[in-house]
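Here the structure is laid out as structure tokens; the discussion comes afterwards.
What follows is calculated from the coordinates using simple rules that are stated; it is not laboratory data. Keep in mind that this is a model prediction, so the values were computed, not measured. Virtual Cβ from ideal backbone geometry, glycine too; neighbours counted across all protein chains shown.
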Amino acid sequence: MGQILSLEFEQQIAAVRELLRTAVREHGRVVYANSLGAEAMVLTDLIATFVPEIDMFSIDTGRLPDETHALLARIEARYGRRIRLVHPDARALEALLAAQGTNGFYGSLEARLGCCQVRKLEPFRRAVAGYRAWVTGVRREQSATRASGAALEWDAGHGLYKVSPLLDWTEGQIWHYIRARQLPYNSLHDRQFRSIGCAPCTRAVEPGGDGRAGRWWWEQAESRECGLHPRVRAAAVRTPA
Ligand code: SF4
């Protein structure tokens, strides 16, 4: 580490490493869905350094900002490891664009979810096929539905376990780790982008505001998920016996 970290923070980092190792021990084939956001820089570093048997992929929706592609190249240079990119199905994408136009997702919630379905959810399903668990960088602070998640839970929607090692981390701790380890990160974060997704659906937010307010900002707060994580959490989404 470039900076001294407190013992408490070191223990928190060790707990993440242990959870990732436990996931591999218990579930065998584990894959990390790398969002390329700030949390993803922490998980990329921990996985590449300590648990490299966890596979990694990112979804290239076709609408990512140039800054995100530049970040991908920096990550690959630092770790000497290629992140598998998964793309939307070409025919489904053509059909979507024929139906709603290039930026049809601004037209309605239904159209937006349709775009996320083709560009994100279907590629995600293909990418996790054959794995027994997937890793995500969600944190409780990010939204009300994420607040009630568990570090290890059964993801009934996708049919595999979901591991969320950073659930209890704060945004400040994420950035403390990034700076201490001098990790690469998306340059958009230096321009007040707190949560980064597709270019047309992401914008900068006021300092101190809701970190996810820049995603799908034209919608009601409760609908602002792409569908990979539940918009409304079912009462009993827990590990099956
Ligand atoms: S975030 Fe926007 S551009 Fe990206 S898949 Fe969803 S609706 Fe489409």
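Put a dot 7 Å past each Cα toward the Cβ at Trp175 and Arg74; how far apart are the dots in nm?
Computed distance between label sites Arg74 and Trp175 equals 1.5 nm.
Running a GNM on the chain with Cα contacts under 10 Å, which residue among Glu26, Glu153, Glu122 ends up with the highest mean-square fluctuation?
Judging by the Gaussian network model, the answer is Glu26.
Provide Rg and Dmax in Å for the chain, with only Cα atoms included in the calculation.
For the chain, the Cα radius of gyration and maximum Cα-Cα distance read 17.4, 56 Å.
Using only DSSP helix segments of four residues or longer, with each worth -39500 (n - 2.57), what per-residue ellipticity at 222 nm results for the chain after dividing by its residue count and rounding to 500?
That comes out to -11000 deg cm²/dmol.
Mind ranking 63-70, 85-92, 37-44, 192-199 by how tightly packed they are, going by the mean number of other C-beta atoms within 10 angstrom, highest first?
Top to bottom by mean Cβ count within 10 Å: 37-44, 192-199, 63-70, 85-92.
Show me 173-180, 104-111, 208-215 ranked by packing, highest mean number of other Cβ atoms within 10 Å first.
Put in order of decreasing packing, that is 173-180, 208-215, 104-111.
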